[in-house]
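S.K.: For reference, the structure I am asking about is given below.
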Amino acid sequence: MSGALALRCARAGAALRHDLRPGDIGEMVRMHGALYAREHGFPCGFEAYVAGTMAAYSWPLADRERLWILERDGMMAGSIAIVKATDSAAQLRWLLLSSELRGKGLGRALVEEAISFSRLAGYSSVFLWTVSSLTTATAVYRRAGFARTESKTHQLWGAVRTEERYDLALA
């Protein structure tokens, strides 16, 4: 873990771990569903989508993949992951922070940690998909060097939404 991330975690009273424990996957799905429903009006279909994306991977993740779980007061308070998309491209997934941990630079530090891991794992690029209404997250991605490379507007999770792909070359 980088010094910047460790310092931000300590200041926020949070801890970061990589080991997957029973209940973690379910809690990540639950957190995504509850937070996105409360803050963005996403329906239960979004929670099912997150569950499906997580079910597509073998757990624990492979050597060139990593899950970071942020905890505060013994409870999951955030997450981010790097998973293999191709031999040369990683995908950033499941970035989430509880509302009480936002505004402390943890999101930016988690993204930077994920990018650093991707370089060390030998990937030449990282990409992610998000929706345009998540402006705080997209600002974090842009500050980290990601550029929007694709956009598509369609019916998604009960509303018309614009999905956006962001890419970052690591070489």
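The values are calculated or read from the model by the stated rules, or taken from the named source; none is laboratory data. Keep in mind that what you see is a predicted model, and the values were worked out from it rather than measured. All Cβ positions, glycine included, derive from the backbone under ideal geometry; neighbour counts span all protein chains shown.
S.K.: Among the hydrophobic types (A, V, I, L, M, F, W, C) and touching a residue at least 40 places away in the same chain (Cβ under 8 Å): which single residue out of 146, 127 fits that description?
M.R.: Exactly one residue qualifies, and that residue is 127.
S.K.: Looking at the structure I just gave you, is residue 162 hydroxyl-bearing (Ser, Thr, Tyr) and under 26 Å from residue 72 (Cβ atoms)?
M.R.: no
S.K.: Is there any pair with a first residue in the range 71-93 that is farther than 20 Å from residue 24 by Cβ and a second that is at pLDDT 95 or above and of a type in the set (S, T, N, Q) whose Cβ atoms are under 6 Å apart and which are 6 or more apart or on different chains, and what are they?
M.R.: Sorted first by the residue in the range 71-93, then by its partner, the pairs are 85/91; 88/124; 89/125; 90/118.
Table: residues versus (1) among the charged types (D, E, K, R); (2) surrounded by fewer than 16 Cβ atoms within 10 Å (Cβ to Cβ); (3) under 18 Å from residue 126 (Cα atoms); (4) within 15 Å of the chain's Cα centre (by Cα).
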{"site": "51", "(1), (2), (3), (4)": "no, no, no, yes"}
{"site": "65", "(1), (2), (3), (4)": "yes, no, yes, yes"}
{"site": "76", "(1), (2), (3), (4)": "no, no, no, yes"}
{"site": "80", "(1), (2), (3), (4)": "no, no, yes, yes"}
{"site": "92", "(1), (2), (3), (4)": "no, no, yes, yes"}
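S.K.: Looking for something surrounded by fewer than 20 Cβ atoms within 10 Å (Cβ to Cβ), closer than 22 Å to residue 30 by Cβ, at pLDDT 95 or above and not β-branched (Val, Ile, Thr) - is there at least one such residue anywhere in the range 113-128?
M.R.: no
S.K.: Given the conditions (1) surrounded by fewer than 20 Cβ atoms within 10 Å (Cβ to Cβ); (2) outside any helix (DSSP H, G or I); (3) polar (S, T, N, Q), which single one is not true for residue 136?
M.R.: (2)
S.K.: If you don't mind, another one. If you scan the range 100-117, which residues turn out to be closer than 13 Å to residue 67 by Cα and in contact with a helix residue (DSSP H, G or I) (Cβ under 6 Å, 6 or more places away or on another chain)?
M.R.: So in the range 100-117, the residues closer than 13 Å to residue 67 by Cα come out as 110-111, 113-115, 117.
Answer for the range 100-117, where residues must be closer than 13 Å to residue 67 by Cα and in contact with a helix residue (DSSP H, G or I) (Cβ under 6 Å, 6 or more places away or on another chain): 111, 113.
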